[in-house]
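Structure, as C-alpha cells:
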Amino acid sequence: MLFRLVLLIFTLVVMQGTAKQPRSIPKYTDWRLPRWVLPRHYKLRLLPFIEEGNFTIDGQVDILLECMEPTTMIVLHMAEIRIAKDEGLQVYDLVESRRVPIQSYIEDKTRQLLVIGTKNETLQVGNQLNDKLNGFYRASYTENGIKKYIATTQFSPTDARRAFPCFDEPGMKAVFQITLGRQKFRIAHSNMPLKRTYQNEDLPDYVWDEFQKTLPMSTYILAFIVSEFEGLDSPEIDLQERTRFRTWTRPSAGKQTEYARILGPRVLRYFENYFNISFPLPKIDMFAIPDFAVSAMENWGLITYRETALLHDPLRSSAADKQKLSFVLTHEMVHQWFGNLVTMEFWSDLWLKEGFASYLMYVGLDVVEPSLQMGQQFTVQETQKVFAVDSLLSSHAMSMPVKKRNEINGLFDSIPYSKGPAVIRMFAGFLGHKKFQQGLTSYLNNKKYQSAVDDDLWKAMSNQSIDALELPADIRTIMTSWSLQTGYPIVTVRRNYDLQTAIVTQERFYLLSSRNSSEFPLWWIPLTYTTDFNTTYQAWILGTEDGIELELPSAPTDWIIFNVDQIGYYRVNYDENNWKLITQQLLKDHHAISTFSRSQLLDDSLNIARTGSLPYYVAFELSRYLRSERDYAPWYSAFKSFEYLDRMLYQTPSKDKLRFVTSEFFYEKGIRQMATTSCVRTNRFEERKGDSHLTISNRNQLISWACRLGVAECVNNATALYKSWMAQPDNNNWVKPNYKRAVACAAIANSGDEEWDFALERYLSTDLSSEKEMLLYALSCSSSPEALNTLLEWALDANSGIRRQDSATVFGSVSGNPIGSSMVFDFVLLHWDKMVKEFPSLAVLGRLVDTISQTLDTETHLENLVTLSEGGRGDLGTSTRAVQQALERTRINLEWKKRRFQTVSKLLDSWSRVQTFS
Ligand SMILES: [Zn+2]
C-alpha cells in the first residue's frame, strides 16, 4: 500500500528565496487552495485490492504543475491517505531538470490539506477502499449466494482527495491520464475508453488498464470502477457513430436496464441539438451501484446511479419509479454540458449546474418522453416545494459564499435544486425561450473546458437579447436580486373597485411572525395578470420600489389572478373580495382558471393563512371547489397543506374533525365522485386502459389519502389485497404495481405482526431494488411503536440487511408516520454521535434533520434542539443549517398552535356539524 506523489513543475521554478521576493508563509492558514501553482496534467495509477480482509489501494500520481507565482510552498488536498516515508514524495523542476529538495510537509487533517515546503523530505501514502460511500469505496451485493465486491467512486463534492492527493476544487481543471490495476477476471472503467491493457509485473494475476487521456476537467467528476458487472449496449441511433452508450449492472439485473438503455441516448441526442454542441466524449457508461449515497452522479462519461434510479422492470416497477428514473437520468445528461463541459468556479455557485440540470430536465423530458407529463408537475415538484424552505428566515441564497470546508456538503439542499430551476423558469419566461436557449449555447461555447461564475451567464444572456426586449433594467441587475438575496416576495394586490385600479406591493414572505429582522429586501418582479386566461398583461415592480399602482382591465365583478401559471417565483395575496370572486369562479366552473393557477391558488391561500395574513376561512372556502377537481397538481397542493394541518392537529380532538371534514367533504363529495376513482369502490384498485400518467399519479395520491383518513372501503380493500399476496407470495399481480406502495402501507398500518413480518421477508428476498424501497416504506407505516423502533435500530446496524444507503430513507419515512415522528426525534438525539460517524455523508444527516423536524411542535422539542445546536454535541458540520431550520420550524409550529389552532378548530367544528357543505 504505497502511494507515490510526484510533482513536476514546468514554467517557473518553485522558488527558494532567489530572484523575486518569494512568498514565505510558515503556516498555511486558508482552507481554500492558493493559486501559486495550478495542476495541468495528472498521471494517476491506482490498484485497489478487492478481497475480504484486504481493501487497500496502491497508487502513484504524477502531477504536472504550472507555477503562476514564486513560492516555496505547494498546497493540495489529501484526506485519510496514509503517509509512509521513503521516496514517496518527489518534486521536480522540469525547466532546469533537477529535483527540488523538500523541506517539510504537513498534513492538515481538519482542512484536508497537504502542505509541502520544498527542501528535503519524502513521503509515501497508502489508503483503503472504505465502506462510507465516498471517495474510492467498496460496495457489495450477493449473487448466487456469494457476496461480491465492487470498487467504485463518489468524489463530489470534496472526496477525490480521499482517493489521491490532488487539487480538489472544481475550478482547477486538468487533463487526467488514468491507469487502474485489476485482477484478470474483473473489469475496470474510467471516464474515457480503454487505451491498452498490460501485465502487472509484480502480481501475475493482475493487469493494468490504461485509459485514454481526458479532456480538461474537474476532479469531482472523475470516476473509477472495478467490478464483475456486465454491460449492454444501447440500441443503435445516429449518436452511436460518435458515442458508444452502455449500461452496466450486476449480471443478474441486466434485463432491468432496457428502459434506461433506450432513454439514455435519446436524451443525450436531444440536448446535443438543444445546445447545438456535440457531446465531446467517445463513450458513456452508466452504472447501477448497489450502495450509493445519492440518487446519481454525473461523472463525465461514467455516470453512476443508485439501482432504483436506473433499473426498471416493466411488470413490477410503478409509474412513479419510471418517472424517477427518467427524471434522474435526464438531469445527469444535462450535467454533461452544465457542470462537466462548463463548471462553476466554486461550490458557492452550485446552482449554476444544479439549477439548469433540473430546469432543462423538464424541457427535455417533455419532448423525449411526453407521456410522463413532467412539465405539468413543475410547480408542485419545484416551486411550491422549495417555497416551504425558502419561507424560513434561516434559508440561504442561491449563490452562497462558503466560509468553511464542511459547509460545502450543506449547500446540496433544495435551494440550488429547486429554487434554481424555479427562478430559471421565471427568467426564461420573461426573456422568451428562443433567446434563452441561444444565450445558453453562447455561455457554454464561451466557457467550454473552463469554469464560470454567474456573471459569465448574465453576460452571455445579455448579448443575445437586450435590444428586442423591454426590460426595466439589465439582466444582471434583475437576476441577481433573485440569486443573491435569500427568500422570495409575497405580492399583495389590493383592488380599488370604484377606480378599477390596484395597489400592488412586495415584501419578503416569512412563516415566522415573531422575528427580529431589520432587512427589507426588494426584488425585480415580472408581474403577469389575467382576468380570463385568454389575455395576459405584464408589468414590473422595480427592485427599487416596494409597490406600484396599476390600472386594471377588469370590471368590479371580475376576478383577477396574478402570476399567471405560477411562472414567477413569488406568492400572491389579494383583498378578501377578490379571493371571493376567485372562489365563486372555481365553484362555478374551475376550468376557467388554468390547472397551474388552481394549484397555485390552493398553495398560496393555505400557506398565507398559516401566517395570519389571510383568514383561514377564506382559504377553506376556496378549497371547497376540490369536490369537482380532477387534476393531479391542485390535489397535490391541497394534500400538502392538509397534511400540515393533520400533523398539527394530531393528538388533539380536532384531528378527527379534520379527518372527518376532509374525508366527508373532499373525499365523499369530491374524490369519490371522480370517475377515475371508481377504483376505490370496487374490490381492487383498478386501472383503465389509456389512463394518463398523471391520472395514475393522482389516483395514487387519492388512495394514499383515503386510506390515511381511515375511509373504511379503502382500508378494507388494501388489507384484503395484501392478504391475497400473503397467500400467494410469488404473485406479483396482487395489485397493480402503481398502487403497491399505498396499498402495502395502508395494510401494514391497519394490521399486525404477521403482515409486517411478511413485508420484511419480501424486503430481504426481492432482487428488484425499487420493490425493496417500496417495502421498506411500507414497513415504516406500522402502528406498532415496537416495530418502528426495531426498524430504526436496524437502520443503524450494518448487519441488519438494510443497506447503508437506505438508512436515511428509513428515518424519513418513520417520521412521516404520525406514530413514529416523535420517536425518530428522540432516537436521533440519543444516537446522534453514532449517526455523525456512521452516515455516508453529513449532508444526508442534514436532510434527515430537515425531514424529521417537520412535525416538531412542543417546548420540549424546542429545548432539545437548542441543546443540540448549542450544547457540546461537537461540530454539527454540514447539518448546522438543517438544525437552525429545524429550530425555526419548531418555533413556527408552536406559534401556529398559539395563534391559529383555536380558529381552525372552530371552523372544523362548525363544518363537521353541517352535513351539507356546498
Ligand atoms: Zn445534479
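Every read-out reported here was derived from the displayed coordinates using simple, explicitly stated rules and does not represent laboratory data. Values in this document were obtained by computation on a predicted structure and should not be read as measured data. Cβ sites come from the backbone with ideal geometry, for glycine too, and all protein chains shown count toward neighbours.
If each DSSP helix of 4+ residues adds -39,500 (n - 2.57) and the sum is divided by the residues in the chain, what number results at 222 nm, nearest 500 deg cm²/dmol?
The helix-only estimate for the chain comes to -11500 deg cm²/dmol at 222 nm.
For L527, list long-range residues whose amide hydrogen, built 1.01 Å from N in the peptide plane, is under 5 Å from its own amide hydrogen.
A539, W540, I541
Give me the dipole magnitude in Debye, nearest 20, for the chain about the Cα centre, with unit charges on the beta carbon: positive for Lys and Arg, negative for Asp and Glu.
Rounded to the nearest 20 debye, it is 220 debye.
Go through the stretch 319-424 and name the trypsin sites (Lys or Arg not before Pro) that are in a DSSP coil and have 13 or fewer other Cβ atoms within 10 Å of their Cβ.
Passing both the DSSP loop test and the Cβ count: K403.
Taking Rh as the Kirkwood radius, which is the inverse of the mean 1/r over Cα pairs, what is the Rg/Rh value for the chain?
Value, to two decimals: 0.97.
Enumerate by residue number the GluC sites (Glu not before Pro) in the stretch 216-276 meeting two conditions: DSSP loop (anything except H, G, I, E, B), and at most 13 other Cβ atoms within 10 Å of the site's Cβ.
Listed in order of number, the matching sites are E236.
Please list, ordered by chain and number, the residues whose modelled amide H lies under 5 Å from the amide H of E143; skip anything fewer than 5 residues away on the same chain.
K148
Starting at the first residue of the stretch 759-768, write each ³J(HN,Hα) from the Karplus equation 6.51 cos²θ - 1.76 cosθ + 1.60 with θ = phi - 60°, in whole Hz, x for Gly and Pro.
4, 5, 5, 5, 4, 6, 9, 6, 9, 9
Which entries in K404/K837; K419/K736; K404/K834; K689/K740; K385/K740 show an alpha-carbon gap greater than 29 Å?
K419/K736
Could you pull out which residues in the stretch 279-301 have an amide N less than 19 Å from a spot 7 Å beyond the Cα of I146, following the Cα-Cβ vector?
Correct set: 290.
Setting aside same-chain residues fewer than 8 positions from K255, which lysines have a Cα under 18 Å from its Cα?
Within reach: K322, K772.
How far apart, in nanometres, would the label points at D474 and Q103 be if each is projected 7 angstrom from Cα along the Cα-to-Cβ direction?
The two pseudo-label positions are separated by 4.5 nm.
Using only Cα atoms, find the angle between the long axis of helix 842-852 and the longest principal axis of the chain, and express it within 0 to 90 degrees, rounded to the nearest 10.
10
Can you list residues from other chains, or at least 5 along the same chain, whose modelled amide H is less than 5 Å from the amide H of N573?
V491, T492, V493
How large is ³J(HN,Hα), in whole Hz, for each residue of the stretch 379-388 in order, when computed from phi with the Karplus curve 6.51 cos²θ - 1.76 cosθ + 1.60 and θ = phi - 60°, using x for Gly and Pro?
5, 6, 7, 10, 4, 5, 4, 7, 3, 4
Counting other Cβ atoms within 10 Å, which chymotrypsin sites (Phe, Trp or Tyr not before Pro) in the stretch 169-275 have at most 11 and lie in a DSSP loop?
Counting only loop positions with at most 11 other Cβ atoms within 10 Å, the chymotrypsin sites (Phe, Trp or Tyr not before Pro) in the stretch 169-275 are F185.
Taking neighbour counts of Cβ atoms within 10 Å as a proxy for exposure, in what order, fewest first, do T219, T257 appear?
Taking fewest neighbouring Cβ atoms as first place, the list is T257, T219.
Looking at the chain, send over the antiparallel percent of its DSSP beta bridges, to the nearest 5.
In the chain, DSSP labels about 65 percent of beta bridges as antiparallel.
For the stretch 147-305, state the average projected area of the convex hull of the C-alpha atoms over all orientations, rounded to one decimal in nm².
That works out to 10.3 nm², a quarter of the Cα hull's surface.
Per-residue HN-Hα couplings for the stretch 247-252, Karplus 6.51 cos²θ - 1.76 cosθ + 1.60 at θ = phi - 60°, whole Hz, x for Gly and Pro?
Rounded to whole hertz, the list is 10, 10, 8, 4, x, 6.
Once you order the gyration tensor axes a ≥ b ≥ c over the Cα atoms, which shape class does the stretch 489-585 get: rounded for a/c under 1.5, otherwise prolate or oblate by comparing a/b with b/c?
Because a/c hits 1.5 or more and a/b exceeds b/c, the stretch 489-585 counts as prolate.
Can you sort S692, S765, S641 by how many other beta carbons sit within 10 Å, fewest first?
By the 10 Å Cβ count, ascending: S765, S692, S641.
Considering the stretch 337-483, what Rg and Dmax in Å follow from its alpha-carbon atoms?
Taking only Cα atoms of the stretch 337-483, I get Rg and Dmax of 15.2, 45 Å.
Only counting other Cβ atoms within 10 Å, I'd like W794, W482 sorted with the fewest neighbours first.
W794, W482
Testing the spin-label approximation: label points 7 Å from Cα along Cα→Cβ at D131 and E69. State their distance in nm.
The two pseudo-label positions are separated by 4.5 nm.
Measure nothing but the geometry: give the 0 to 90° angle between the long axis through the Cα atoms of 632-649 and the longest principal axis through the Cα atoms of the chain, rounded to 10°.
With both axes taken from Cα atoms, the answer is about 90 degrees.
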